[in-house]
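Working notes, beginning with the structure itself.
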Amino acid sequence: MFRRFLPIWRFPTITPRRNSQIILGLDPGLASTGYGFIGIERGRAGYLEHGVIQTSPRWTFGQRLSFLFDEICRLIKVYQPQGAGLESLYFAKKLTSAIPVAQAKGVLLLALEQNQVPVEEFSPPQLKQGLTGSGRAEKEQVWEMVRMILGLAELPGPDHATDALAAAICFYHRRQADEKGMN
């Protein structure tokens, strides 16, 4: 079975401990799903890992969705996240890819539910607002904020994985606001 991951860059800003909170971020796609894990320790977000799960266009839809499900479940079992941020579907110009992305999103939601991981969805404007203060920010501004918040020396990549890290950070910020009664 074809299995390809893009390289995973590691910038360990924290080492997860027993009392650390781990959050998963996801950017769904049928061909390429980005994922990112952050750890929260003493109120500070730190980088753990990110990458992309890619499926082959030669596979059937069922094979692609099954592979995506298995890989996300594997990652959840390894990191045991306490929550997940998921970038929601947002198609202003790409209507042709809406159905396959929606199918991938459904598989991700199923994997999270079956593994009892609470999830919150964020639209691209919400991610931009949450990280930069402007819902109309450019993607590059969001990526730079991801780099700064996680204390990375360089921008993480590829794009889908960076977006997933942004979703994880937004989940953390939302939970912080909820705990302080700000939402």
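Read-outs: derived from the displayed coordinates by stated rules, not from any lab. In this text the structure is predicted, and so the values were computed from the model without any measurement. A quick note on method: Cβ atoms are made from the backbone with ideal geometry, for glycine too, and the neighbour counts reach across all protein chains shown.
Points worth noting:
- Sorting HIS160, HIS50, HIS173 by the number of Cβ atoms found within 10 Å of their own Cβ, with the fewest placed first, yields HIS173, HIS160, HIS50.
- Ranked by how many other Cβ atoms sit within 10 Å of their own Cβ, fewest first, the residues THR132, THR33, THR96, THR162 fall in the order THR96, THR132, THR162, THR33.
- Note on PHE61, PHE69, PHE37: ascending count of other Cβ atoms within 10 Å places them as PHE61, PHE69, PHE37, the fewest first.
- Dipole moment magnitude, nearest 20 debye, region 4-179 about Cα centre, only Lys, Arg, Asp, Glu C-beta charged: 220
- Potential extension, VAL78-THR132 segment - 0.36 nm per residue separation minus Cα distance: 16.4 nm
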